[in-house]
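The values are calculated or read from the model by the stated rules, or taken from the named source; none is laboratory data. Just so it is clear, the structure is predicted and the values come from calculations on it, not from any experiment. Ideal geometry is used to build each Cβ from the backbone, glycine not excepted, and the neighbour counts take in all protein chains shown. To get the accessible areas, we keep the full protein, side chains included, count just its heavy atoms, and leave off ligands, DNA and RNA. Shrake-Rupley method; radii C 1.70, N 1.55, O 1.52, S 1.80 Å.
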4 protein chains.
Amino acid sequence: MRLSINAWLDYFLPAPADLMFALEAAQTPDQQLIEDLLTVGGTGLLTPIAADDGVGRRTWARGEGRVTARYTATVDIERTATRLPGLVADDVKTLPAGVVPYLFPSRYCESDRLGEAVLRDYGDLAGGDKVAAMVAWIRSHLTYEPSGDTGTSAIDTLIARRGVCRDYSHLLIAMARAADIPARMVGAYAWALEPEDFHAVVEVWLDGGWRLVDPTGLAPEEGIARIGVGRDATDISFLTIFGRADLIEQNVSVKRLDA
Amino acid sequence: MRLSINAWLDYFLPAPADLMFALEAAQTPDQQLIEDLLTVGGTGLLTPIAADDGVGRRTWARGEGRVTARYTATVDIERTATRLPGLVADDVKTLPAGVVPYLFPSRYCESDRLGEAVLRDYGDLAGGDKVAAMVAWIRSHLTYEPSGDTGTSAIDTLIARRGVCRDYSHLLIAMARAADIPARMVGAYAWALEPEDFHAVVEVWLDGGWRLVDPTGLAPEEGIARIGVGRDATDISFLTIFGRADLIEQNVSVKRLDA
Amino acid sequence: MRLSINAWLDYFLPAPADLMFALEAAQTPDQQLIEDLLTVGGTGLLTPIAADDGVGRRTWARGEGRVTARYTATVDIERTATRLPGLVADDVKTLPAGVVPYLFPSRYCESDRLGEAVLRDYGDLAGGDKVAAMVAWIRSHLTYEPSGDTGTSAIDTLIARRGVCRDYSHLLIAMARAADIPARMVGAYAWALEPEDFHAVVEVWLDGGWRLVDPTGLAPEEGIARIGVGRDATDISFLTIFGRADLIEQNVSVKRLDA
Amino acid sequence: MRLSINAWLDYFLPAPADLMFALEAAQTPDQQLIEDLLTVGGTGLLTPIAADDGVGRRTWARGEGRVTARYTATVDIERTATRLPGLVADDVKTLPAGVVPYLFPSRYCESDRLGEAVLRDYGDLAGGDKVAAMVAWIRSHLTYEPSGDTGTSAIDTLIARRGVCRDYSHLLIAMARAADIPARMVGAYAWALEPEDFHAVVEVWLDGGWRLVDPTGLAPEEGIARIGVGRDATDISFLTIFGRADLIEQNVSVKRLDA
């Protein structure tokens, strides 16, 4: 699937602040960048750095007053829908060193507190079947709507039974890790997402590789262009602000070019 | 300082379980391994893997029944006591890519909730002076004793005003990150620690490098042999158990050989 | 059912401390005190006061050093097992003024956070049927064992899926209140409880009265001698210590005299 | 001080819901009602009930669609500013039975977690001096502004260092109770409050009586007309909704008539 991505950010910074953008689509075997361009107005020089785990890039800037960022890209996605059932869970001691940290709890994914619940509710299942059952539970027991609090964790969401893509992803990640299945969060652009916005999805490590899953069910995996990965939302924010910035406008558009 | 390190772990595993040991001292410019040996009894083959951020090693094993591990090492530490006052904080956008994740909150270090408190209480200070003031506050306001709960976070500790090395470290890390100073946790052997045990300390990134700090004040930085580093306790546990293991005995001894 | 109750407390107070005992069985229409006696050694004068909501008594004492308390009672319980199914929930605006506070969340019963979950999971049921379904869920999804933390709340227990009578009661209370059904906690002696100990159970307000329910299922309602009631464990502790007291020994015995 | 109070509530109820209003000023020795009137439109019959602890009244109604409530009152306040310093704390075992529950933690006042902090920070002070020092700390360390979350507790506020009258009151209550000083929350109308709104303040039990304190310092105690009291915000909400209600408009006006 060939996608045309457009993102537009418009902020006001009352005082000088450092900004870290994570807007640029990653170049990976299953998603090829045809062309892309990030332009930022109202800041000094841009400083690109590598993002975590070799997936994607980040760009630093320092700005003040009105700051705008435009990102445009054409990306080819070569990916089929993830079929979880039947995928085997790898023995933890065979995991690549870089995958091991994704077994552990993180700020918004308190997997250490969910071991008993996951054992009781999903203990009869294994690997991809287990993750598929977790996704099914989440989809049938949560309502997609903001909880009114931006600092919600997986456990908050499990209790509140509502959330947005960020919350759905945190919950699936926490549940998977509680079952000793590595899981990480993916910041992404997504085709066919309604309403159009940045998206957050999950990768679980099964059968020797990362498998992309959208716990919200709102976007097909074949149309997801990954920006970066991390332990949870804290690592993949499309804009991390060191200081204060007031949102003026922000929008995202993802169009399919080949259909 | 030349140290002789001995660690002894004795556990019983009622069912087969995977174990990840983080017992081996790291080889770094400021600590040179003269010799070391990890022997594990009661398990199958050992599988060493690299630890996070290029600091140290981890070793996987799968065991059942009685499992024992012995680690012996001779290490030369070439390090002077950290002098925090006067060290400058680096501009965040100049940080190496590998340091950036240590700006963010983690499972046990909810720095995102401490921004206002740190601004109010330490806003007049900068860099090493700020971290030194945080350390001074922690030392004068906390009592070193277990809280009775092993899942305590930095905020739990800030409220309870008590904890062990793990808790002191989480609190300092959370406070430093809340001030946009990268901070990470270090698992270590420590000379002159009373009582002898594994130790947890902190590294803050100041003036272009990681600076070792023991927020408990119980062990001099010159006698600390680092095992590994991570975002918080979840990354540096000396023994991570995937399954169940009952502690029979465990002890640590660190002796100085050159004085 | 006629019960013979014996409770024995033995504590050491390193410094003078005030103690509030809630050990004495309440005199209510469904439980008649034949005789009872509280004797306390190692303290000054005892000061009895009324307990909350007209159910039961409390006794204050001030002691130092070794303090012992013995309570013996003979109580006639005239109560049949509670039959929840079919009981109607009263319209909230018809509730007696003294019942209204039991609609609200309390320290260990965060019913305000469970509204959506309770609506989704039990929304098709009403009154006693709804409470019975909650009890059934709790009994089949929780394991009766200490969580290792004495400050656990209903939500902690819902997540951890384990607890003791205190935790089971907090969870049922929180779920009932989240469905606008008044619920309160009851401190009690219980016949046939294994192992013998103080017990905590629940009363829900249905069809114009309080209905006793033991969410653990460990003790029949017909053999429960109530001591006092309150919003949660904080109100019904059998011994509240203002200062420090170290437990030496404590035991409870409840025998049936009429069978 | 003679006050003229006007409150106006305008809500829309998409479905039938029960409403409990706590709008009417209490009649107590230090505040005399000259006249007052509550009128509610859009509901059926009003059902008045007593509020907790003999302070004030509550009124139930059942409504649907547009519901409005108007409360007007003339109240004489005979109260001088509370002078905390020098007031003695009563021995807990001499407290009236009705005061005892205010020693305990409640939903939003986790005093059980603050014992060590309060001992360390205020242990040298006693009674009114101790409470005065707590109030001074709160006023100098918190910023009066919404935290963006309506479910914040005393500990949340202590960490976030910001809040509104509800949060300031919860924090003072939790700190006082942690020092074994009874404290309760008061819903009130307040003269000279900017901006005009419902207000929440605190009563601490010192020297044989309840002493009114406004931890925000925004309103003089002499101009506070109490509506009701309770363990925390959960007990004193001016409007508790059993169902859903959307706010259209709400305003409060308190004028002084005698100056």
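The residues of the stretch C:222-259 listed by number as losing at least 20 Å² of accessible area in the complex, against the isolated chain and with a 1.4 Å probe, are C:Arg231, C:Thr234, C:Asp235, C:Phe242. For the stretch D:181-259, the square roots of the Cα gyration tensor eigenvalues, ordered a ≥ b ≥ c, give a/c of at least 1.5 with a/b no greater than b/c, which places it in the oblate category.
Provide B:Thr240, B:Thr94 ordered by accessible surface of protein heavy atoms (probe 1.4 Å), highest first.
Values: B:Thr240 25, B:Thr94 85 Å².
Correct descending sequence by accessible area is B:Thr94, B:Thr240.
Computed with a 1.4 Å probe on the full set of protein chains, the accessible area for B:Glu78 sits at about 130 Å².
Distances between copies at C:Thr47, taken between label points 7 Å from Cα along the C-beta direction, are 3.9, 6.6, 6.7 nm in increasing order. A cut-off of 5 Å between modelled amide H atoms, ignoring neighbours fewer than 5 places along the same chain, links C:Glu110 with C:Ala154, C:Ile155.
Sorted from nearest, the other copies put their D:Glu35 label points 6.5, 8.0, 10.0 nm away, the label point being 7 Å from Cα in the direction of Cβ. Charging the Cβ of each Asp and Glu at -1 and of each Lys and Arg at +1, and nothing else, the dipole of the protein assembly as shown about its Cα centre rounds to 0 debye. With the charge dipole of the stretch D:67-164 set up from +1 on Lys and Arg Cβ and -1 on Asp and Glu Cβ about the Cα centre, the Cα lying farthest toward the positive end among the listed residues D:Leu142, D:Gly98, D:Gly127 is that of D:Leu142.
When D:Asp258, C:Asp90 are compared by accessible area of protein heavy atoms, the largest-first order is D:Asp258, C:Asp90, using a 1.4 Å probe.
Here A:Asp246 and A:Asp112 are evaluated by their C-beta separation; at R0 = 45 Å the FRET efficiency comes out at 0.80.
If only the Cβ of Lys and Arg carry +1 and only the Cβ of Asp and Glu carry -1, the dipole of the stretch D:82-133 around its Cα centre is close to 160 debye.
With the charge dipole of chain A set up from +1 on Lys and Arg Cβ and -1 on Asp and Glu Cβ about the Cα centre, the Cα lying farthest toward the positive end among the listed residues A:Leu45, A:Ile173, A:Ala69 is that of A:Leu45. Across the stretch C:96-113, rounded Karplus estimates of 3J(HN,Hα) from the backbone phi angles (6.51 cos²θ - 1.76 cosθ + 1.60, θ = phi - 60°) give x, 3, x, 8, 3, x, 7, 7, 9, x, 9, 3, 10, 10, 7, 4, 4, 9 Hz, Gly and Pro being marked x. Normalised by the number of residues in chain B, the mean separation of alpha-carbon contacts (under 8 Å, six or more apart) gives a relative contact order of 30 percent. To the nearest 100 Å², how much accessible surface do chains B and D cover up together, summed over both, with a 1.4 Å probe? In total, this chain pair buries about 1400 Å². Rounded to whole numbers, the Karplus 3J(HN,Hα) couplings from phi for the stretch C:175-186 are 5, 5, 4, 5, 9, 6, 10, x, 8, 9, 9, 10 Hz, using 6.51 cos²θ - 1.76 cosθ + 1.60 with θ = phi - 60°, and x at Gly and Pro. Sorted from nearest, the other copies put their B:Arg83 label points 5.5, 6.6, 8.4 nm away, the label point being 7 Å from Cα in the direction of Cβ. Using C-alpha pairs under 8 Å with a sequence gap of at least 6, the mean separation divided by the residue count of the stretch A:69-154 gives a relative contact order of 41 percent.
Note on D:Phe238: accessible area approximately 50 square angstrom, rounded to 10, probe 1.4 Å, nucleic acids and ligands left out. Comparing the full protein assembly with the isolated chain, the residues of the stretch C:91-119 losing at least 40 square angstrom of accessible surface (1.4 Å probe) are C:Val92, C:Lys93, C:Ala97, C:Val100, C:Phe104, C:Pro105, C:Arg107, C:Arg113, C:Glu116.
Loop only by DSSP, 15 or fewer other Cβ within 10 Å of the Cβ. Give me the trypsin sites (Lys or Arg not before Pro) in the stretch B:204-249 that pass, ordered by residue number.
Details: sites: B:Arg211, B:Arg226, B:Arg231, B:Arg244; in loops: B:Arg231, B:Arg244.
Filter output for the stretch B:204-249: B:Arg244.
Tell me, what % of the accessible area of the stretch A:112-249 is carbon and sulfur with a 1.4 angstrom probe? Don't skip to the answer; put the middle values down first.
Details: 2270 of 4630 Å².
The nonpolar share, carbon plus sulfur, comes to 49 percent.
Closest approach of a chain C Cβ to the axis relating C and B (residue, whole Å): C:Asp149, 3.
Here the accessible area of the stretch D:1-88 is 54 percent carbon and sulfur, with a 1.4 angstrom probe and all protein chains present. Of the residues B:Gln32, B:Ser111, B:Trp60, the one whose Cα sits farthest towards the positive end of the charge dipole of the stretch B:29-159 is B:Trp60 (charges of +1 on Lys and Arg Cβ, -1 on Asp and Glu Cβ, taken about the Cα centre). Sorted largest first by accessible area at a 1.4 angstrom probe radius, with every protein chain in place, the residues D:Val164, A:Val99 fall in the order D:Val164, A:Val99. For chain D, modelled as a GNM whose springs connect Cα atoms under 10 angstrom apart, the maximal fluctuation among D:Thr234, D:Thr74, D:Thr39 occurs at D:Thr39. Rounded to the nearest 10 degrees, the angle from helix A:127-141 to the longest Cα principal axis of chain A is 70 degrees.
Taking the Cα centre of chain D as origin, sum charge times position over the Cβ atoms of Lys and Arg (+1) and Asp and Glu (-1), and report the length of that vector in debye to the nearest 20. Walk me through the intermediate numbers first.
Values: 25 positive and 37 negative charges, 41 e Å.
Value, rounded to 20: 200 debye.
Largest first and in whole Å, the equivalent-ellipsoid semi-axes of the stretch C:4-90 read 32, 15, 12, each the square root of five times a Cα gyration tensor eigenvalue.
At 20 °C and 1.002 mPa s, what whole-number value in µm²/s does Stokes-Einstein give for the translational diffusion of the protein assembly as shown, with Rh from the Kirkwood sum over Cα pairs? Could you put the intermediate results ahead of the total?
Working: Rh = 31.4 Å.
Once the numbers are plugged in, D ends up at 68 µm²/s.
Using a 10 Å cut-off on Cβ to Cβ distances, tally the other chain neighbours for every residue of C:83-90 and report the average as a whole number. Mind showing how you got there, number by number?
Details: counts 0, 0, 0, 0, 0, 0, 0, 0.
Partner Cβ neighbours, averaged per residue: 0.
Per residue, the accessible area of the stretch D:47-192 comes to 36 Å² when a 1.4 Å probe rolls over the protein heavy atoms.
Each helix, a run of at least 4 DSSP H residues, gives -39500 (n - 2.57); summed and divided by the residues of chain D, these come to -5500 deg cm²/dmol at 222 nm.
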